[in-house]
Amino acid sequence: MRRMLGIVGAIAALGVGIGAAQAAPGYATANVNIRTGPDTEFPSAGVIPEGSSVDVRGCLRDESWCDVRWGSERGWVYSEYLAFDYRGAMTPVPDVGLAGLRLPVVVFRPGVYWQRHYVGRPWFKDRTRWYAFKPRPRPGWRAPPRGPRKPGWWRSGYQAPRGMAAPPEHWRRRDRH
C-alpha cells in the first residue's frame, strides 16, 4: 500500500512538473502601466517596458485585464498588451483566450489583493477608497466570442486606452542577448 501511494505521489509530482515546464512567460507588447487594480482609475505601480517578460497569473472572465507579476511588482495589465509564444508566433491573449493559453480566470478582491501586495506603498494609505471602488467595463471592450476565435476579433471597432496606441497587429519579441 505504501509503495502504491509512493508511485501515485511520484506520478502526481511528475504531472505538476510537466505542467510547469509547458508554461511560457508572457511579454509586454508596448510600454504599459501595471495598475493596482483592473481599471485605469487605480494607481500605477510602474511601467512595464515593451518586450519585458511577465508572469501572467490569470485574467478576468471577460479577458479584459490580466493579473501579472513583473519582477517584484504585482498588478493588472490590459490583456491585448500581453502576448505569448503560441505555436511559434507571438499572439495576444485575446486572440487565443485563457483556455488556449492555459490561464486561469481570476477574481479581483481589492482588500485582499492590496493587503497582500501593497502594504507600505505610498497609495496604501488611501486604500479604503479603492476597496469600495467598483471597476467599470472597459470602454470599447467586449467579451470574447465562444468557441474558436478568428485572430484579431477584438480589433474590429477597437478603441485603444486613452493616451495609448493600439497594440501592433503582428508584434515580434526582440531578441536580447
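The values are calculated or read from the model by the stated rules, or taken from the named source; none is laboratory data. Quantities reported herein were computed from a predicted structural model and do not represent experimental measurements. Methodologically, a virtual Cβ is constructed for each residue, glycine included, from the backbone with ideal geometry; neighbour enumeration extends over all protein chains shown.
For the reader, a short list of remarks on this structure follows.
- Enumeration of residues in the stretch 135-166 that are under 18 Å from Gly75 (Cβ atoms) and either among the aromatic types (Phe, Trp, Tyr) or under 19 Å from the mean Cα position of the chain (by Cα) (or both): Pro135, Arg136, Arg138, Pro161, Met164
- Extreme residue, modelled with the highest pLDDT, among residues of the stretch 123-141 that are surrounded by 15 or more Cβ atoms within 10 Å (Cβ to Cβ) and not aromatic (Phe, Trp, Tyr): Arg127
- Qualifying strands (runs of 3 or more DSSP E) (wholly inside the stretch 42-137; at least 2 residues being under 22 Å from Trp154 (Cα atoms)): 53-59, 65-70, 73-78, 82-86, 89-92
- Filtered residue count, the stretch 76-91, keeping only those that are farther than 16 Å from Arg138 by Cβ and either of a type in the set (S, T, N, Q) or crowded, with 19+ Cβ neighbours inside 10 Å (or both): 3
- The stretch 150-172, subset modelled with pLDDT under 85 and charged (D, E, K, R), residue surrounded by the most Cβ atoms within 10 Å (Cβ to Cβ): Arg155
- Given (1) without any contact (Cβ under 8 Å) to a residue 60 or more places away in the chain; (2) surrounded by 14 or more Cβ atoms within 10 Å (Cβ to Cβ), index of the condition Pro94 fails: (1)
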